[in-house]
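Novice: Dropping the structure in here first, questions after.
The values are calculated or read from the model by the stated rules, or taken from the named source; none is laboratory data. These numbers were taken from a predicted model, which means no experiment stands behind them. Here the Cβ is made from the backbone with ideal geometry for all residues, glycine too, and neighbour counts use every protein chain on show. Each accessible area value is taken on the protein alone, full model and side chains, heavy atoms only, with ligands, DNA and RNA left out. Shrake-Rupley method; radii C 1.70, N 1.55, O 1.52, S 1.80 Å.
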Amino acid sequence: MARTTPNDPPPVDGRPLYGRIAALLLDELRDGTIPPGERLPGERHLAAHFGVSRETVRQALEVLRRSGVVATDRRGSHAMLPGRPVESPDSLVFPVGARPADPCAVDQATVVWEVPPQEHARELGLAPHRPTLVHHYRSVTPDGRALRTAVTSFSAVALAEVAELARYRDRADGATPAQLGRAYDWMRKAGLCLHHRDSISQVSQAASVRVTRRVHDQYARPLEITDLVVHAEQDALVYEFTLPAAV
């Protein structure tokens, strides 16, 4: 029989607490906050995220496992839902539009709640030393040679307007994988019109180029800034965009 613990809040409707947590977690799986196949945060992290006990989290995960939404193996629990249809084409991967030249490249991506680079903070209108959601991306060859690296910082406006981005805050531990390839899709669904501006410069005394992307909304509010560094001796930067037809 399901039970609550002293760490659990009192029920607020007819459903058991673990059922409500299962429903909340299912919402996050469906909207892509946790992409299909990605490892779910651990029980301790989920318990803190939802403000319940680990036992309640275990019961919620068991409900999702029985429903086929979550699968568990020796590496942990994984999302199995295909997620909502993505309006943007599949070619728009993270960093958006940048297609890797090496099909065997291994991508590593995580999010951290930290103080962004100084130039990012300035352009995003953040106060000095104020933390925000920062996404770190690294692509390497199978033998470990770096192809490209990227740092993306999100503004307070983006986190306030886009619920899916805001949810990453409690999971931004620098260890949990986080593919933000759907970030722009989430922004558009939140009613934001996106204006992109890319600038390309050479990294001094290095065979690399830097692409800096700045994204604003229809009110000229900054949403995010990305610095992508491509190691030109080993990689070629190909930008590929497909824009949906106007309705």
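Novice: How many nm is it between the label spots at Asp27 and Ala146, if each spot is 7 Å from the Cα in line with the beta carbon?
Specialist: Reported label-point gap for Asp27 and Ala146 is 4.0 nm.
Novice: Right, another one. Per-residue HN-Hα couplings for the range 212-220, Karplus 6.51 cos²θ - 1.76 cosθ + 1.60 at θ = phi - 60°, whole Hz, x for Gly and Pro?
Specialist: Using θ = phi - 60°, the values come out as 10, 10, 10, 10, 10, 9, 5, 9, 6 Hz.
Novice: Compare the peptides 138-148, 48-58 by average per-residue count of other Cβ atoms within 10 angstrom and give them in order, highest first. Spell out each step's value before the answer.
Specialist: Details: 138-148: 15.2, 48-58: 18.5.
The most tightly packed comes first, giving 48-58, 138-148.
Novice: Counting only residues 5 or more places away or on other chains, whose amide H sits under 5 Å from the amide H of Ser208 once H atoms are built in the peptide plane?
Specialist: Val203, Ala232
Novice: With r defined as the distance between the Cβ atoms of Glu114 and Arg221 and R0 fixed at 30 Å, what FRET efficiency is calculated, to the nearest 0.05?
Specialist: Working: r = 22 Å, r/R0 = 0.73.
For Glu114 and Arg221, the calculated efficiency is 0.85.
Novice: I would also like to ask the following. Taking H as built 1.01 Å from N, whose amide H comes closer than 5 Å to the amide H of Leu237, not counting residues under 5 places away?
Specialist: Here nothing satisfies the definition.
Novice: Express the carbon and sulfur contribution to the solvent-accessible surface of the range 190-230 as a percent, rounded to the nearest whole number, probe 1.4 angstrom. Display every interim value, and only then the final one.
Specialist: Numbers: 1110 of 2200 Å².
Summing carbon and sulfur atoms, their accessible area is 50 percent of the total for the range 190-230.
Novice: Using 0.36 nm per residue of separation minus the Cα-Cα distance, give me the extension gain between Ala190 and Ala156 in nm, one decimal.
Specialist: Stretched out fully, the Ala190 to Ala156 stretch lengthens by 10.8 nm.
Novice: So, R0 is 35 Å and r is the distance between the beta-carbons of His78 and Asp198; what FRET efficiency does that work out to, to 0.05?
Specialist: Details: r = 34 Å, r/R0 = 0.98.
Once the sixth-power term is evaluated, E becomes 0.55.
Novice: With r defined as the distance between the Cβ atoms of Ala163 and Ala232 and R0 fixed at 51 Å, what FRET efficiency is calculated, to the nearest 0.05?
Specialist: On the way: r = 38 Å, r/R0 = 0.75.
Step by step, r from the Cβ atoms, then E = 0.85.
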